[in-house]
Amino acid sequence: MSDDILGKFAGALASGAVRVVDLTHTLSPDFPVIVMPPELGQSAPFRMERISRYDGGGPAWYWNNLSFGEHTGTHFDAPIHWYTGRDLPLNSVDTLPPADMIAPACVIDCSQQANEDADFLLTVSDVVKWEEEHGRILPRSWVLLRTDWSRKSGAAYANLLADGAHTPGPDADVMRWLVAERDIIGFGTETIGTDAGQAGHFSPPYPAHHYLHGAGRYGLQCLTNLDHLPPKGAMIVAAPLKIQNGSGSPLRVLALVQERSTG
Amino acid sequence: MTEPLARPKRKNPLARTTQPLLPPQARSRKAHGFTLAAATGRFMLQCCGECGRYTYPAREACPNCLSSDLTFQDAPTGGALLSETRIEVTSDPYFREHMPWRTGMVQLDCGPVAVVHLHGDCGGPGSRLKLSLQLDRAGQAVFFAKPVSEVPHMEDDPQWREMTADPKHRRILITDGRGPLALPLAQALKKAGAARIFVGVADRWKPFDQQAPLEAIEGVELVDLDLTSERSVQDLAMDIGAKVEILINTADHVRPAHLFDAGAANAAREAMDHTVMGLMRLAQAFGPVMRSRGADGATGAVAWVNVLSVHGLSNAPQFGVHSATHAACLSLSQWLRTELRPGGIRVLNAFAGPLDTEWFQMVPPPKVAPKALADAVLDGLKRGLEDIYVGDVAKDIEARLFDNPKAVEREAGQ
């Protein structure tokens, strides 16, 4: 049956013709979270406290209480996260349209540039160059910035110096352009935020947050395994927790990748 | 002269660890006047308000004039040895482990005669002595006599070491390497002969200024420790729990917040998590193993220090959350003290006023320099104290609370 798309999809999953790539870091207490100046409010890190483990607290069962900020580990940013998206409809994770949770991805490999310069900034010309090779970014696509930053851990991952974090990200122009000219559904990174470490000094400050959320688009950060994705063609499944009026949430991000035929 | 305490040999893993025992504990309610004095390093006896004579043991009425106006007052610390007894054999389980033990009858300068524990360097009958009230391993007050002048290595006297928590040759855990206290404490402990100093550091991925100077101190080892994470605290205890003989909890979390601010609950919860729950997690992870090692040789587990804000005793509205968390820490600390007592582990609360650090930048002097607080903690350990008040603000609040707690509360809110 030619129109049995999901049947074919199930077959492709079973045969391995479609691979499922996990783009998620393990949610653990040691994973760095965004750091604000200490007099401001802070995101709670991920914490797990045992309720019972087949012991006096519960003889046959193991379970834990969790606590964490909405923006912990591999996580999703909803438009309401930023002031620019505060008045939009459907701007929180609980009202996020389910159809937006599945979308194609364009992966721009800047791993070499990021390796050479922690403050590497993605520009419009980088994206145009990518389009010359892989074709135009289709509307409602995720743009994922591959930097291989996810291979770092601890201090090297956060890369905090006396003048703040030094991690790669997009510049202000490219964010405005991606949202206005390419109508992307969202932007994803391997670093702690969708913005560069020094983005507080950009104009506007934190342009990824500013433009994405101001237009009702989304952010994904702390992604991993982007090096397992093709430049184009992967489908992203990103379904945040349905938290009432939530500004974001940790989530499992999956990519569906069609294996290239080798025959 | 006291034989200097040798660095302990590594333990024989085939030998059973000696279990802690405690000296006799029975005391009357009146006699806890001595406990109060010993806990704070004072020498106090009952003194009659009518005839002015000091009396001992603790009584309900003056044996001289029968007045009931007997209050504990500071007394002169001198005395003369009348007789000495070196006990070689006893049926008391605790003292059996510590034979021989020197005791003596002392004519106190303030009048009464008392039986005291005698430092090994004290001369024979007739020699002059300096008296103090000490807390023994059971946390009860006893008289202790030392020679009037200092003698080399006198702090290594085995009887004195039972009354104190000297860091010499001991292994210490400082819980918050990022705090302002860690560096001066580590320096002071090193100077005092600590064998090893573990310094807990949370979020190793965040750089901090004291890292290099801390690591430069020989014997200091930075270890992962995040008091807000049960797993982190448990993991560290699994690694080094049986090596910590003195735990110094320097955790603090000062964030200004007004009670009616929208974010005040978050600030309070964060502060509670760092301090109160942090102390709880530490107690659960390190308490049992420390308690079991209270008699583990000459350098067994001996003390737990909590560095607290004196505003835990009476709320300072400018630092309301901070005050509230430290009040809870104090309560928890008292609980911990009871739980650790069977191991003979002392719990020392160091109450300090505002520190001379960034979070108290707006507070006018006098403030406590972190080094002064570190030195006071060391002094408290070496003298076996239980409650110390560091700095002018803390001392003032202590004195005024003793006098009129309501006045302290009202004035702090004005």
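Derivation of every value follows stated rules applied to the coordinates shown; laboratory data play no part. Predicted, not measured: the structure shown is a model, and the values here were computed from it. Virtual Cβ from ideal backbone geometry, glycine too; neighbours counted across all protein chains shown.
In degrees, nearest 10, range 0 to 90: what is the angle between the Cα axis of helix B:264-274 and the longest Cα principal axis of chain B? Relative to chain B, helix B:264-274 is tipped by roughly 50 degrees.
Would you please classify the overall shape of the protein assembly as shown from the alpha carbon gyration tensor, given that a ≥ b ≥ c denote the square roots of the eigenvalues, rounded means a/c under 1.5, and beyond that prolate means a/b larger than b/c while oblate covers the rest? Cα axes put the protein assembly as shown in the prolate bin. With respect to chain B, whose longest principal axis is taken over its alpha-carbon atoms, helix B:370-383 is tilted by about 30°. Each other residue within a Cβ distance under 14 Å of residue B:372 adds +1 if Lys or Arg and -1 if Asp or Glu, for a net charge of -1.
Each of B:87, B:345 was scored by other Cβ atoms within 10 Å of its Cβ. Listed from fewest to most, they are B:87, B:345.
Panel order for B:62, B:51, A:106, by other beta carbons found within 10 Å of each beta carbon, from fewest to most: B:51, B:62, A:106. Looking at chain B, identify the longest residue range that excludes and avoids all chymotrypsin sites (Phe, Trp or Tyr not before Pro) in DSSP loops having at most 16 other Cβ atoms within 10 Å. Longest gap between qualifying sites, sites excluded: B:1-207.
For the range B:65-223, a simple Cβ point-charge model (Lys and Arg +1, Asp and Glu -1, everything else neutral) yields a dipole of about 320 debye relative to the Cα centre. Each other residue within a Cβ distance under 14 Å of residue B:110 adds +1 if Lys or Arg and -1 if Asp or Glu, for a net charge of +1. Counting, for every residue in B:199-207, the Cβ atoms of other protein chains within 10 Å of its Cβ and taking the mean gives 5.
Label separation (residue A:99 vs residue B:97): 7.5 nm, computed from points 7 Å beyond Cα along the C-beta direction. Charge tally for residue B:257 (other residues, Cβ to Cβ under 13 Å; Lys, Arg +1; Asp, Glu -1): -1. Once backbone amide H atoms are built at 1.01 Å from N, residue A:122 has A:169, A:171 as its partners under 5 Å, excluding neighbours fewer than 5 places away on the same chain.
Annotation for the range B:121-193: GluC sites (Glu not before Pro) lying in DSSP loop with at most 14 further Cβ atoms inside 10 Å of their Cβ are B:150. Cβ crowding within 10 Å ranks B:209, A:100, B:296 as B:209, A:100, B:296, fewest other Cβ atoms first. Using the Karplus relation 6.51 cos²θ - 1.76 cosθ + 1.60 with θ = phi - 60°, the per-residue 3J(HN,Hα) values for the range B:395-406 come to 5, 5, 5, 4, 5, 6, 5, 4, 7, 7, x, 5 Hz, with x marking Gly and Pro. Close amide H contacts of residue A:232 (hydrogens built in the peptide plane, cut-off under 5 Å, sequence separation of 5 or more or a different chain): A:107.
Among the GluC sites (Glu not before Pro) in the range B:39-105, those located in a DSSP loop and surrounded by at most 10 other Cβ atoms within 10 Å of their own Cβ are B:60, B:88. How big is the gap, in Å, between the Cα center of the range B:93-150 and the Cα center of the range B:328-359? Between the Cα centres of the range B:93-150 and the range B:328-359 lies a distance of 28 Å. Note on residue A:88 and residue A:180: with the Förster distance fixed at 22 Å, the Cβ-Cβ geometry gives a FRET efficiency of about 0.90. Across the range A:221-236, coupling constants 3J(HN,Hα) worked out from phi with the 6.51/-1.76/1.60 Karplus curve, θ = phi - 60°, read 9, 6, 7, 9, 6, 5, 5, 8, 9, x, x, 8, x, 6, 9, 9 Hz, and Gly and Pro carry x.
For the pair the range A:207-249 / the range A:126-202, the C-alpha centres are spaced 11 Å from each other. Each part gets one Cα centre, and for the range B:207-258 versus the range A:101-116 those centres are 38 Å apart.
Think of the range A:13-258 as having a plus end and a minus end, set by charges on the Cβ of Lys, Arg, Asp and Glu; of A:73, A:160, A:209, A:73 sits farthest toward the positive end of this dipole. Taking trypsin sites (Lys or Arg not before Pro) in DSSP loop conformation with at most 12 other Cβ atoms inside 10 Å as exposed sites, chain B has its longest uninterrupted site-free stretch at B:30-414. Which pairs break 29 Å Cα to Cα here: B:9/B:371; B:130/B:168; B:30/B:367; B:11/B:382; B:130/B:243? Among B:9/B:371; B:130/B:168; B:30/B:367; B:11/B:382; B:130/B:243, the Cα-Cα distance tops 29 Å for B:9/B:371; B:30/B:367; B:130/B:243.
With the charge dipole of chain A set up from +1 on Lys and Arg Cβ and -1 on Asp and Glu Cβ about the Cα centre, the Cα lying farthest toward the positive end among the listed residues A:179, A:85, A:46 is that of A:46. Here the relative contact order of the range A:125-263, from alpha carbon pairs under 8 Å that lie six or more residues apart, stands at 22 percent.
For the range A:1-109, which GluC sites (Glu not before Pro) are in a loop by DSSP, counting at most 14 other Cβ atoms within 10 Å? Taking the range A:1-109 and a limit of 14 other Cβ atoms within 10 Å, the loop GluC sites (Glu not before Pro) found are A:39.
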